[in-house]
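Report on the following structure.
Throughout, read-outs are computed from the coordinates displayed, never taken from laboratory work. Computed from a predicted model, the values in this text were never measured in an experiment. Please note: Cβ atoms are built from the backbone with ideal geometry, for glycine as well, and neighbour counts cover all protein chains shown.
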């Protein structure tokens, strides 16, 4: 079985729920209706042999609707095949169905998505933050959250402050110039005179 | 013996008596038996371990007794990135250390947040606890840590330990 065959089997069985299929550089991605996710994941594990959930991640398409996208990376040990599933999640109903009953490893992955992106998971057995502390009021990987952070205070537990970026975030650019050229305080936008020996970024 | 030394000893006069100042004697004892509280939080802790191992041998400076109990340690070596999640725990361990106590901020992260200008990292442990010696480097070599330790020893030798820290005792005399 190849990834394309697996995608075809899923499309066959859940034809109404597949909203898009894409192949890029040998990687197959299926976009699904959020409601069909649990059924398709069960099918992928039980019938197609996707026994390993590699990762769950989320993308913030800030300014678009639906705003979020949750991405599931599946792998089949037996067939050595990768498959990617994506579901859209809107900001107003910021929730997805848990799949931790199918792959237990999803438990912590979903907690990470919840912690950093603020997407909840229905029926999750233990939906707590996993990296930031309980009581932290923000979801730091959202696009509208500043890199330097925001002040917060959870008494007796932790506090946070905005970091001084001093014109940053600090970046390096590919160049054979001096340190000053190589490590500007910030990546310039627009018409800024480029220093000598600057190599164009790809 | 040179005139600079806090200890004077003349073997022609006394075989078993050393004349010195109380401050100097106490400082000498303190500075040569600094028991570190190894606050290893990131890669700097690896260099801290290297400083304790045979090649660099921190015991040459009397600081080899890494006490993982704050109650028995004198100097907290904050070695690594202090995240906000860890920050109050570091502060709490510092508060549990008995006086007199000192702090070494080892490496860029502990000194200033280092390359982590981000929402998750405390921008220098000196926001929470008083730091005596900052060591630059990412991570610093063990030599740099030993140099920092010697700086701290020098600082301790300059303290007025009795008059400043035992005021009631001095007044009662």
Checked segment B:94-173 with the C-alpha gyration tensor, a ≥ b ≥ c its square-rooted eigenvalues, rounded below a/c of 1.5, otherwise prolate if a/b is larger than b/c and oblate if not; verdict oblate
Going from the fewest other Cβ atoms within 10 Å to the most, one would list B:43, B:103 as B:43, B:103
Evaluate the relative contact order of segment A:106-167 (contact order divided by residue number), counting alpha-carbon pairs under 8 angstrom at least 6 apart; express in whole percent.
-> 24 percent
Rounded to the nearest 500, what is chain A's calculated 222 nm mean residue ellipticity when only DSSP H runs of at least 4 contribute -39500 (n - 2.57) each, over all residues?
-> -5000 deg cm²/dmol
Relative to chain A, whose Cα atoms define the longest principal axis, helix A:37-46 and its Cα axis are tilted in degrees, nearest 10, by 70 degrees
Take every Cα pair under 8 Å in segment B:37-173 that's 6+ residues apart, average their separations, divide by the length, and report that relative contact order as a whole percent.
-> 24 percent
What angle, in degrees between 0 and 90 and rounded to the nearest 10, separates the Cα long axis of helix B:22-31 from the longest principal axis of the Cα atoms of chain B?
-> 40 degrees
All Cα pairs of segment B:56-144, percent lying beyond 20 Å = 34 percent
Note on chain A: contact order normalised by length, alpha-carbon pairs under 8 Å, 6 or more apart, percent, works out to 12 percent
Using helices alone, what [θ] at 222 nm do you get for chain B, with -39,500 (n - 2.57) per DSSP H run of 4 or more residues, divided over all residues and rounded to the nearest 500?
-> -10500 deg cm²/dmol
Under a 10 Å cutoff between Cα atoms, tell me which one of B:87, B:79, B:120 has the largest fluctuation in the Gaussian network model of chain B.
-> B:120
Gyration tensor on Cα atoms of segment B:117-162, a ≥ b ≥ c root eigenvalues, a/c under 1.5 rounded, else prolate if a/b beats b/c, else oblate, says oblate
Say each of residue B:64 and residue B:17 gets a label point 7 Å from the Cα, pointing the same way as Cα to Cβ; how far apart are those two points in nm?
-> 3.6 nm
Can you tell me the Rg and the Dmax, both Å, for the Cα atoms in segment B:20-97?
-> 14.1, 47
Along its principal axes, what span do the Cα atoms of segment A:71-140 show, with the longest given first and each in whole Å?
-> 43, 23, 22
Values of log10 I(q)/I(0), in the order q = 0.09 Å⁻¹, for segment A:1-125 under a Debye, Cα-only, solvent-free model = -0.22
May I ask you to sort B:145, A:141 by Cβ crowding, counting other Cβ atoms within 10 Å and putting the fewest first?
-> A:141, B:145
Could you state the per residue volume, in Å³, of the convex hull enclosing the Cα atoms of chain B?
-> 138 Å³
Counting only other chains, what is the mean number of Cβ atoms within 10 angstrom of the Cβ of each residue in peptide B:117-130?
-> 4
Give me a single rounded figure for A:144-154: the average over its residues of other chain Cβ atoms within 10 Å of their Cβ.
-> 2
Fewest to most Cβ atoms within 10 Å: B:131, A:89 sort as B:131, A:89
For peptide A:136-143, the mean count of other chain Cβ atoms within 10 Å per residue Cβ is 1
According to the square roots a ≥ b ≥ c of the eigenvalues of the Cα gyration tensor, what is the shape class of the protein assembly as shown, taking rounded for a/c under 1.5, prolate for a/b larger than b/c otherwise, and oblate for the remainder?
-> prolate
Only bridges with both residues in the protein assembly as shown count here: give the DSSP antiparallel percent, nearest 5.
-> 60 percent
Any idea what angle helix A:106-117 forms with the longest principal axis of chain A, computed on alpha-carbon atoms, 0 to 90 degrees, nearest 10?
-> 40 degrees
